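Heads up: the structure comes next, in structure tokens.
The values are calculated or read from the model by the stated rules, or taken from the named source; none is laboratory data. All figures in this text were calculated on a predicted structure; none of them were measured in a lab. Neighbour counts are summed over all protein chains in view; Cβ atoms, including those assigned to glycine, are modelled from backbone coordinates with ideal geometry. Please note that ligands, DNA and RNA were not included when accessible areas were found on the heavy atoms of the full protein model with its side chains. Shrake-Rupley method; radii C 1.70, N 1.55, O 1.52, S 1.80 Å.
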Amino acid sequence: MSQHHNQNEIQHYYEGDQSKLYSGIMQHHTDVNSPESKKQIGRIWKVFWILLVVTLVEVVLGMFFSHQMPKALVAFFFLALTILKAGYIVAIFMHLGDEIKSFLIMVLIPLTLFIWFIIAFLADGGFWLFMNSHSPTR
Amino acid sequence: MSQATATTAPETKMWGGGRSPFNVSYGKMMMWFFLLSDSFTFGALLIAYGTTRFFSAVWPDANQVFKSFPFMGEANLPLLFVSLMTFILIMSSVTMVLAVHAGHYGDKQGVIKWMLWTIVGGICFLSCQAWEWTHLHSEGGWWGSFINATDPVSTFQHFFNHHKESVQAALPAHGMQATHDFFNYFFTITGFHGAHVTSGVIFNIVVLINTVNGTYERRGHYEMVEKVGLYWHFVDLVWVFVFTCFYLL
């Protein structure tokens, strides 16, 4: 740590000795023009093109085909493509794919609650519509 | 990629203290926790939107509501403007991750360049959203709009795919409530997202100023760039879901 914080001691109070806690990718690279750095930048642009193409596919699907196809199929396509985009953003742009596995699992496990959350609430909404349009008292 | 840790403690001492078991600094981990909680806030809003939509007999059609483009008058251009907004936000996400990358290599000029582009992208996105809000407001949409039961169907039917027979049949009884609900959710959720973009732009400006002043260079690392980067990517991530829920489905 001696090479950090030595010019400005006040920094220590803001950050503490965090320098040894960085994940691997944070650690002491120096040459931004190195092949390793170039490879990373290439990966970023690759993901950009994937996101762009997936979005264009979604828009074309939404503009021209969504009224001709079965609703459930359209919804499935859109949700699958959305999850795909979200995966790329989280794994590559947010570097979650570069963190150690236990950290990745810690972030992802709470999100599985959404599976219950979505199914339960949408089913409830559908049941409301059924009740309101098929009520025997009407 | 080097995964070397500063201490050489054996695996069995992983949780023995003196190091981060997750190999992540405190600030970064707390940013992840915050984003996790924020994802539940956005998730709750979007699922509430879905629930309301499921219990509505009819629902406005995105291709009808969002078909305008600035300076194009009455031209029918469904989804084109929101595609542009999405492109701008994805682009700013790319420039952000390039700033983070430059930070990993201690490349101060690179961080400044890419942070500037990210801020420009964020401001462009907010400007687009301001235009879209203004446009929808001029069409009568706002929080609490479409509540006057005596208004005729013609005041809101252009938001629907009203050439379809089943939609037309449901409009007189359910159309106004659906339009009202749709705009309430639309302005609440895109507004909440826009507030995140706004604060993200402010954080980015603060980090840019610190970078220019050499604060991170003296500190020896650009972790703050990485932390605001996480926030900025999350905002992009949320937009991916908002885009799907409001404009596509």
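The table for this structure:
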quantity	calculated
Criterion (hydroxyl-bearing (Ser, Thr, Tyr), modelled with pLDDT of 90 or more and open to solvent by less than 10 Å² (accessible area, probe 1.4 Å)) met by exactly one of B:92, B:56	B:92
Residue B:7 at pLDDT 90 or above and at negative phi	no
Matching residues in segment B:97-141 - criterion: being charged (D, E, K, R) and either touching a strand residue (DSSP E or B) at 6+ places or on another chain (Cβ under 8 Å) or part of a helix (DSSP H, G or I) (or both)	B:108, B:113, B:132
Considering residues of segment B:53-76 that are within 22 Å of the chain's Cα centre (by Cα) and part of a loop (DSSP other than H, G, I, E, B) only, the residue nearest to residue A:66 (Cα to Cα)	B:61
Matching residues, segment B:74-86, being more than 7 Å from every other protein chain (Cβ to nearest Cβ) and open to solvent by 20 Å² or more (accessible area, probe 1.4 Å)	B:74, B:75, B:76, B:77, B:80, B:84
All positions within segment B:189-209 that are touching a helix residue (DSSP H, G or I) at 6+ places or on another chain (Cβ under 7 Å) and open to solvent by 20 Å² or more (accessible area, probe 1.4 Å)	B:192, B:198, B:203, B:205, B:208
Count of segment B:24-38 residues which are hydroxyl-bearing (Ser, Thr, Tyr) and more than 7 Å from chain A (Cβ to nearest Cβ)	1
Candidates A:96, A:61, A:122, filtered to the one that is touching a helix residue (DSSP H, G or I) at 6+ places or on another chain (Cβ under 8 Å), closer than 20 Å to residue B:41 by Cα and of a type in the set (A, V, I, L, M)	A:122
Filter result for residue B:82 (in contact (Cβ under 8 Å) with a residue 40 or more places away in the chain and over 17 Å from the mean Cα position of the chain (by Cα))	no
Test result for residue B:107, within 14 Å of chain A (Cβ to nearest Cβ) and of a type outside the set (A, V, I, L, M, F, W, C)	yes
Of all residues making up segment B:213-223, the number that are assigned to a helix (DSSP H, G or I) and in contact (Cβ under 8 Å) with a residue 40 or more places away in the chain	3
Filtered residues of segment B:136-175 (kept if out of contact with any helix residue (DSSP H, G or I) (no Cβ under 8 Å at 6 or more places or on another chain) and open to solvent by less than 40 Å² (accessible area, probe 1.4 Å))	B:167, B:170
Among residues of segment B:19-35, those that are surrounded by 16 or more Cβ atoms within 10 Å (Cβ to Cβ) and either at pLDDT 95 or above or assigned to a helix (DSSP H, G or I) (or both), counted	6
Qualifying positions in segment B:210-228 - open to solvent by 10 Å² or more (accessible area, probe 1.4 Å) and away from chain A (no Cβ under 14 Å)	B:212
Residue check for residue B:110: more than 25 Å from residue B:79 (Cβ to Cβ), touching a residue at least 40 places away in the same chain (Cβ under 8 Å) and either exposed (fewer than 14 other Cβ atoms within 10 Å of the Cβ) or over 22 Å from the mean Cα position of the chain (by Cα) (or both)	no
